[in-house]
Amino acid sequence: MIELVDPLRSGDRRALARLLTAVENERSGIDVALAELYPHTGHGWVIGLTGAPGTGKSSLVTELAKAYRKQGETVAILAVDPTSPFTGGAILGDRIRMRDLSGDKGVFIRSMATRGSLGGLARATRDAIRVLDAAGFDRILVETVGAGQSEVDIVRAAYTTVVIEAPGLGDDVQAIKAGILEIADVLVVNKADRPGVDSAVKALRTMLELGHPASREQLVTHHGKLVQSESLQPQHSQDIWIPPVVRTVATEGQGIDELLAAIEDHRHFLAEADRMKRLEAQHIQMELVDRVRDALVKQLFAGLPTSALDDIVRQVQSRAIDPQTAVNHLLAFRPVDVAK
Ligand SMILES: Nc1nc2c(ncn2[C@@H]2O[C@H](COP(=O)(O)OP(=O)(O)O)[C@@H](O)[C@H]2O)c(=O)[nH]1
Ligand SMILES: [Mg+2]
């Protein structure tokens with residue numbers, strides 16, 4: 001794997017594709033390659049785009065990519081689908097949608113599906129973004145289906161998070177809005193050619209007004225549980241960013257300039273007063289917590305014979321011990337216990 005890093009850095013697309021496959025499949029040797037390319041990351045602007053299926057994410061991503069290309073910037077698109085165990089039909093639709101981009105050497109499109117746990121996907125997404133970043137792309141667009149946890153995970157990797165809504169998708173959308181607002185840096189109401197767009201925009205604006213500044217502070221507090229460092233907390237009230245609401249018709253390229261401008265405004269906001277540094281520090285801390293958690297779980301279970309686990313399960317089942325006591329036993333378990 002490590003021999004792919006130099007070709008990756010000099011623009012070799014096959015090396016890029018192979019490294020991404022290795023990330024996705026958690027191939028051995030990928031950690032060494034990721035360590036090698038890490039110093040070359042931190043340059044591309046990572047934009048997360050999330051929203052319910054059918055809101056027009058892929059269409060918008062395509063339009064954004066075209067616009068960035070016009071400005072002479074290179075673009076990588078990573079479509080992450082936590083709901084699909086394989087890259088199937090939806091991606092075919094995306095291929096057709098994104099065909100305007102095909103043949104352009106300044107664009108790279110890749111989709112990634114769930115393999116194993118959601119946690120595994122979050123990790124693979126972060127690593128894939130780093131590979132694309134080290135490959136030198138100016139803009140990295142990450143599309144994820146709005147499926148709860150994945151939205152939150154994308155925030156941990158993206159600098160600017162765009163949440164996409166569309167009118168007429170039903171009331172369940174309404175219910176998740178409050179949660180979605182907390183992660184949005186830019187809100188898009190796509191399908192502005194459809195009826196109901198005015199009320200959708202109005203509803204969002206109302207929720208934003210109700211939610212500010214409290215909801216943004218909640219987000220920080222929520223992060224604060226993981227991230228205890230003082231320096232990561234907002235220093236001033238002007239640290240609060242109010243997400244703009246942008247109307248678009250992705251299929252006709254309408255509102256794309258406004259969306260581009262909103263993303264750029266957010267980028268400038270982060271560039272001021274060390275905000276970017278603090279955001280990145282937050283991301284790194286959360287990532288380290290995730291990785292340590294994964295590593296400890298793996299380490300613990302690797303050292304635990306199946307018989308010992310079976311035994312503890314039986315004890316819980318027979319009500320001899322409760323689950324938390326069982327966890328304490330598991331945590332205190334040493335391989336030497338078996339030898340005796
Ligand atoms: N009327 C209308 N249809 C749109 C618009 N944007 C996307 N669509 C259509 O909505 C469907 C879903 O779009 P897609 O980009 O695949 O959504 P995704 O599932 O969020 O990625 C496709 O048939 C698009 O052509 C829009 O602004 N107006
Ligand atoms: Mg899509």
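For residues that are hydroxyl-bearing (Ser, Thr, Tyr) and modelled with pLDDT of 90 or more, tally how many sit in the stretch 25-55. Talk me through it step by step, then tell me what you get.
Narrowing the stretch 25-55 to residues hydroxyl-bearing (Ser, Thr, Tyr): 28, 38, 41, 50, 55.
Then keep just the ones that are modelled with pLDDT of 90 or more; that gives 38, 41.
Here the count works out to 2.
Which of the residues spanning the stretch 102-112 are touching a Lys or Arg at 6+ places or on another chain (Cβ under 7 Å) and either at pLDDT below 80 or in a loop (DSSP other than H, G, I, E, B) (or both)?
ASP104, GLY106
Within the stretch 6-61, count every residue that is within 16 Å of ligand 1 (Cβ to nearest atom) and either of a type in the set (Lys, Arg) or crowded, with 18+ Cβ neighbours inside 10 Å (or both).
If we filter the stretch 6-61 for residues that are within 16 Å of ligand 1 (Cβ to nearest atom), which is where we start, we get 47-61.
Then drop every residue that is not either of a type in the set (Lys, Arg) or crowded, with 18+ Cβ neighbours inside 10 Å (or both), which leaves 47-52, 55-61.
Qualifying residue count for the region: 13.
Per-residue answers, yes or no, for (1) assigned by TED's automatic domain parsing to the domain that holds ASP185; (2) of a type outside the set (A, V, I, L, M); (3) not in a helix (DSSP H, G or I):
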residue	(1), (2), (3)
LEU4	no, no, no
PRO7	no, yes, no
ARG14	no, yes, no
ALA22	no, no, no
GLU26	no, yes, yes
VAL46	yes, no, yes
THR50	yes, yes, yes
PRO53	yes, yes, yes
SER58	yes, yes, no
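Since LYS66 meets every condition but one in (1) assigned by TED's automatic domain parsing to the domain that holds ALA261; (2) at pLDDT below 90; (3) surrounded by 13 or more Cβ atoms within 10 Å (Cβ to Cβ), which condition does it not meet?
(2)
The values are calculated or read from the model by the stated rules, or taken from the named source; none is laboratory data. Being a predicted model, the structure only gives us computed values, none of them experimental. Using ideal geometry, Cβ is built from the backbone for each residue, glycine included, and neighbour counts are taken over all protein chains shown.
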